[in-house]
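The values are calculated or read from the model by the stated rules, or taken from the named source; none is laboratory data. All values derive from a computational prediction rather than experimental measurement. FYI the Cβ positions are ideal-geometry reconstructions off the backbone, even for glycines, and counts take in every protein chain you see. Note: accessible area is taken over every heavy atom of the protein model, side chains too, but ligands, DNA and RNA are not part of it. Shrake-Rupley method; radii C 1.70, N 1.55, O 1.52, S 1.80 Å.
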Amino acid sequence: MNSHETTPGSSPLGVAMIGYAFMGKAHSNAWRNVASYFDVPAFERRVLVGRDPAGVAEAAAKYGWAESSTDWREVIARDDIQIVDICAPGWMHAEIAIAALAAGKHVLVEKPLANTLAEAEAMAEAARAARTRGVQSMIGFNYRRVPALALAKELIAEGRLGTIRHVRAAYLQDWLVDPDSPMTWRLNKDTAGSGALGDIASHAIDQVLFLLGGQVTEVSGRLHTFTPQRPGATGLEDVTVDDAAWATLTLASGAIASVEVSRVATGQKNSLKLEIYGDKGALLFDLEDLNELGFLDATLPVREQGFRRILVNEPEHPYVDAWWPQGHVLGWEHTFTHEIRDFLVAVGTGTTPSPSFEDGLNVQRILAAVEESAAAKSSLIQLAPSAPTTQPATERA
């Protein structure tokens, strides 16, 4: 069982995870490994929750959870559970998270925060109320924990790019290119909330906010579904979410961000490309080369300028000192280990983890504005300023 040294008289934090599919597998890997590489509060992987008794029991044994359950309400009522990690589909996020927070459990929930803006607002309010009682919550935008992107944030904060003028963010996948790919819950608005917009534009938009800070003041967008029907259990079923989305965001700083996402971009498997352009420099990043960051210093003489490749594997880089010798690359799965590390440290120190539910709500407002703009033929949508979020010290700098 995963645990770490405890102080005299203390007990390990009991962890329950709800959901055991794709994200459940990724989170289980992180819970299994985090204490082997980082100094975190003691914890135990006590129970894995899912709807299918045989399936969740098999997953619990495979992933190293002590037991399994099919009743999340019973689990969050248990005295031996202090942390609830929600990896269930988005339509379940609000009900589970609000109940867990009310029960005094610290909550980590996968992105996007919820399926609707109203649900996200209720979750953020529940998180604020719980925080006054010392109960912490965090949304899992794991790409904030890519060392290269954490380094990019440092360089921007240090002023190395000067005034940011514009950003390009493109998150492209191709798993729905085939029109005969079967219908799933991710293609139904009632269960998924939205398509590529909520699934992957949420990541791209969070990166814009994470790297640049500040507020989005204006949004325009467009959504499109290329395959309106897909084969289901009883024949063709209507696809009620988008296959691709486009958005232009204006920030209070004056910077402009363009966001493009698609799940039908042939040949693109999981490519999140970011380009950040300032008046003193620029940065390039591609998730498919996640150990590398391109940096151009425009303050150098023109004859010396050009993008240089930074291999983000040095002990001086964020998170990397816990892992391998220089040049030994990290992978996608490490971002979840870093995420769990930051969450556990925040819980252990009683500080507010980042990104908060308020950060998740801010992204949700932008997603809702993209949908509103798309429904009004890409009309410009004004966003009211959101409340400032606390910037804790738990993200490794």
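Please compute the modelled spin-label separation between Thr349 and Ala118, points set 7 Å along Cα→Cβ, answer in nm with one decimal.
3.9 nm
Once you wrap a convex hull around the alpha carbon atoms of the range 1-118, what is its projected area averaged over all directions, in nm²?
7.4 nm²
How much of the calculated P(r) for the range 77-128 lies past 15 Å, in percent of all Cα pairs? Walk me through the intermediate numbers first.
Numbers: 500 of 1326 pairs.
Distances greater than 15 Å cover 38 percent of the Cα pairs.
For the chain, what is the accessible area per residue in Å², given a 1.4 Å probe and the full set of protein chains? It would help to have the intermediate numbers written out before the result.
Values: 16720 Å² over 397 residues.
Accessible area per residue: 42 Å².
Pairs of Cα atoms under 8 Å, at least six residues apart: use those to get the relative contact order of the range 277-397, whole percent.
Values: 113 pairs, mean separation 21.7, N = 121.
That works out to 18 percent.
Any chance you could check the Cα centroid distance between the range 203-217 and the range 240-260 for me, in angstrom?
10 Å
Treating the range 152-265 as a set of equal point scatterers at the Cα positions, no solvent, please give the Debye-formula log₁₀ I(q)/I(0) at q = 0.17, 0.18 Å⁻¹.
-0.80, -0.86
Over all directions, average the projected area of the Cα convex hull of the range 45-197 and note it in nm². Could the numbers behind the result be given before it?
Working: hull surface 50.9 nm².
Directional mean of the projected Cα hull area for the range 45-197 stands at 12.7 nm².
List the lysines whose Cα lies under 24 Å from the Cα of Lys153, skipping any in the same chain that are fewer than 8 positions away.
Cross-link targets: Lys111, Lys273, Lys280.
If you build a Gaussian network model of the chain, linking Cα atoms that sit under 10 Å apart, which residue out of Ala120, Ala42, Ala376 swings the most?
Ala376
Run lengths n ≥ 4 of DSSP H only: what is the helix-derived mean residue ellipticity at 222 nm for the chain, with -39500 (n - 2.57) per run over all residues, to the nearest 500?
On the way: 10 runs with 118 residues, N = 397.
Helices in the chain give a 222 nm mean residue ellipticity of -9000 deg cm²/dmol.
For the range 64-106 and the range 342-366, compute the distance between their C-alpha centroids and round to whole Å.
Value for the Cα centre distance between the two parts: 17 Å.
How large is the convex hull of the C-alpha atoms of the range 240-389 per residue, in Å³? Don't skip to the answer; put the middle values down first.
On the way: hull volume 29.2 nm³, N = 150.
Convex hull of Cα atoms, per residue: 195 Å³.
Net charge around Tyr277, counting only other residues with Cβ within less than 15 Å of its Cβ (Lys, Arg = +1; Asp, Glu = -1)? Mind showing how you got there, number by number?
Values: positive: Arg160, Arg165, Arg168, Lys273, Lys280; negative: Glu275, Asp279, Asp297.
Summing Lys/Arg as +1 and Asp/Glu as -1 gives +2.
Once every Cα of the range 227-288 carries one equal point scatterer and solvent is ignored, give the base-10 log of I(q)/I(0) from the Debye formula at q = 0.15 Å⁻¹, two decimals.
One equal scatterer on each Cα of the range 227-288 leads to -0.69.
Suppose R0 equals 22 Å. What FRET efficiency, 1/(1 + (r/R0)^6) with r the Cβ-Cβ distance, do Glu154 and Arg303 give to the nearest 0.05? Mind showing how you got there, number by number?
Numbers: r = 27 Å, r/R0 = 1.24.
It comes to 0.20.
Whenever you get a sec, compute what percent of the accessible area on the range 78-149 sits on carbon and sulfur atoms (1.4 Å probe).
Working: 1160 of 2070 Å².
Looking at the range 78-149 in its full context, I get 56 percent from C and S.
Tell me the Rg and the Dmax, in Å, that the Cα atoms of the chain produce.
Cα radius of gyration and Dmax of the chain are 20.9, 66 Å respectively.
Could you tell me how many cubic angstrom of Cα convex hull volume the range 179-246 has per residue?
Taking the convex hull of the Cα positions in the range 179-246, it is 90 Å³ per residue.
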